[in-house]
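No lab work stands behind these numbers, since they all come straight from the coordinates. This structure is a prediction, so every number in the text was calculated from the model and none was measured. Methodologically, a virtual Cβ is constructed for each residue, glycine included, from the backbone with ideal geometry; neighbour enumeration extends over all protein chains shown.
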Amino acid sequence: MPGIPLRNGGPAARIAVIPGDGIGAEVTPQAVNVLRAVTAPARRPLEFVEFDWSAEKYLREGVSLPPRAVEMLRDEFDAILFGALGDPRVPSNRHAADILLGLRFKLDLYVNARPVELLHDRLTPLRDRTEKDIRLMVFRENTEGLYVGVGGFFKKGTPDEIAVQEDVNSRKGVERIIRYAFEYARQNGLKRVCMSDKSNAMNFAHDLWQRVFKEARQEYVSIDSRHLYIDTLAMEIVRDPSQFDVIVTCNLFGDIISDLGAQLAGGLGLAPSANIHPGKTSLFEPVHGSAPHIAGKGVANPFGSVLSSAMMLEFLGWKPEAAALRTAVRAALRENHVTPDLGGEKRTVEVGDWLAIKSVEALAHQR
Ligand code: NAD
Ligand code: IPM
Ligand code: MN
């Protein structure tokens with residue numbers, strides 16, 4: 001998948017590690033081990049500082065995102081490696097909203113880049129599709145839409161109850177993600193950008209998306225830009241994923257279409273993502289959640305976290321190391337050195353240890 005932008009390309013980098021809940025706490029340490037291994041030969045250390053923000057801490061201390069955490073991350077760290085949040089003991093998901101959505105909003109990480117890339121032909125559930133057919137980038141708006149938490153209840157708990165959830169779309173917010181998608185396509189030689197909305201039903205919010213898209217596309221005449229309603233996109237991406245290079249959409253639709261895309265490429269176990277504000281402290285996390293029913297069993301797939309780490313390395317200017325992580329994941333798939341979700345028998349730690357060794361080998365090979 002073509003690259004994501006540089007943070008600063010400086011020599012050393014400080015990384016905040018937030019493993020979180022469930023399998024987040026199992027896959028993240030594996031990614032950190034792989035990162036330590038692949039960056040060790042460069043003698044430009046990456047520094048990792050771990051934070052225990054999780055359901056456990058929230059239940060114990062009542063603290064979700066600690067005071068001044070956002071400022072600390074913004075000022076003292078280059079990137080955040082995040083696991084997952086979600087715990088059956090916190091049915092409201094309050095801590096996840098405070099921490100994950102809190103960081104996306106407060107660090108203004110407006111680009112949620114979620115590549116969909118088939119890394120081995122056998123992984124797709126689609127018939128007769130191969131690696132060359134499934135290689136696209138989903139850009140999900142990440143700071144507004146239906147996620148902002150504006151709304152309320154009226155007559156809660158009565159038969160006349162009303163619940164309102166506002167969809168907040170600013171011209172600035174819509175414009176920057178649409179322009180980012182076009183720029184990404186242009187800079188990476190990709191020819192097709194598809195904007196997806198539901199403007200046939202959402203006649204205010206997505207009317208704005210339509211107008212902004214029409215304005216922006218005029219500046220990118222060499223790119224084949226099109227629009228699809230989100231329901232049609234969901235159908236088309238399954239029918240023929242090869243017709244897409246770049247998809248740009250709103251927060252909620254991006255959430256849904258990225259899980260759909262993940263499954264086309266083998267499942268949530270290996271889908272990575274980057275939450276970016278170009279040039280500023282950004283957050284990298286697998287697309288999957290805390291998967292409570294497999295948590296603690298040692299079988300979670302660490303590929304999503306490792307591939308998110310590769311996106312983080314690119315962002316920090318470690319291109320060969322990022323490529324080495326991807327090479328190692330491809331090798332694991334080829335040799336079936338994988339966890340049960342991909343039909344293998346390996347455990348999380350076995351896959352992590354193997355990737356650490358193979359990525360160092362891959363790096364040496366590139367030189
Ligand atoms: P999930 O992603 O946790 O799990 C969905 C399915 O995919 C499950 O069958 C799970 O076993 C499988 N799966 C996901 N990641 C896997 C991996 N690495 N290896 C093997 N199998 C994997 O989604 P869910 O079950 O809807 O949500 C569980 C909790 O996670 C909820 O509390 C939800 O809110 C939260 N969540 C958090 C994030 C995040 O922190 N970014 C993302 C999605 C869901
Ligand atoms: C994701 C998750 C989150 C989202 C949840 C946990 C709030 O599903 O990162 O895709 O909807 O953004
Ligand atoms: Mn999601």
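Some values worked out for this structure:
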{"read-out": "Pairwise FRET efficiency - GLU219 versus VAL349, Cβ, R0 = 56 Å, nearest 0.05", "value": "0.70"}
{"read-out": "Pairwise label distance in nanometres, ALA234 with ARG334, each label 7 Å out on the Cα-Cβ vector", "value": "3.8"}
{"read-out": "Charge sum, other residues only, whose C-beta stays under 12 Å from GLU56's C-beta, Lys/Arg counted +1 and Asp/Glu -1", "value": "-1"}
{"read-out": "Filtered GluC sites (Glu not before Pro), the stretch 97-169: DSSP coil and at most 16 other beta carbons within 10 Å", "value": "GLU161, GLU166"}
{"read-out": "Selected from GLY173, LEU190, LEU233, residue furthest toward positive end of dipole (the stretch 115-268; charges at beta carbon)", "value": "LEU190"}
{"read-out": "Test item: Cα-centred dipole of the chain, Lys/Arg +1 and Asp/Glu -1 on Cβ, debye", "value": "720"}
{"read-out": "Mean ellipticity per residue at 222 nm, deg cm²/dmol - from DSSP H runs of n ≥ 4 across the chain, formula -39500 (n - 2.57)", "value": "-12000 deg cm²/dmol"}
{"read-out": "DSSP-assigned coil residues among GluC sites (Glu not before Pro) in the stretch 285-352, each with at most 16 further Cβ atoms within 10 Å", "value": "GLU335, GLU345"}
{"read-out": "Charge tally in the Cβ shell below 15 Å around ILE294, where Lys, Arg are +1 and Asp, Glu are -1, ILE294 excluded", "value": "-2"}
{"read-out": "The stretch 115-268, Rg to Rh (Cα coordinates; Rh as Kirkwood inverse mean 1/r)", "value": "1.04"}
{"read-out": "Net charge dipole size for the stretch 115-268 [Lys, Arg +1 and Asp, Glu -1 on Cβ; Debye, nearest 20]", "value": "300"}
{"read-out": "Within-15-Å neighbourhood charge of MET235 [Cβ basis; K, R +1; D, E -1]", "value": "0"}
{"read-out": "Under the Karplus curve 6.51 cos²θ - 1.76 cosθ + 1.60, θ = phi - 60°, whole-Hz ³J(HN,Hα) for the stretch 93-105, x wherever Gly or Pro sits", "value": "6, 4, 5, 5, 4, 5, 7, 6, 5, x, 5, 4, 6"}
{"read-out": "Number of Lys pairs (Cα under 22 Å; 8 or more positions apart or on different chains) in the chain", "value": "14"}
{"read-out": "Sparse-neighbourhood loop sites, trypsin sites (Lys or Arg not before Pro) in the stretch 16-95 - DSSP loop, at most 16 other Cβ within 10 angstrom", "value": "ARG43, ARG68, ARG89"}
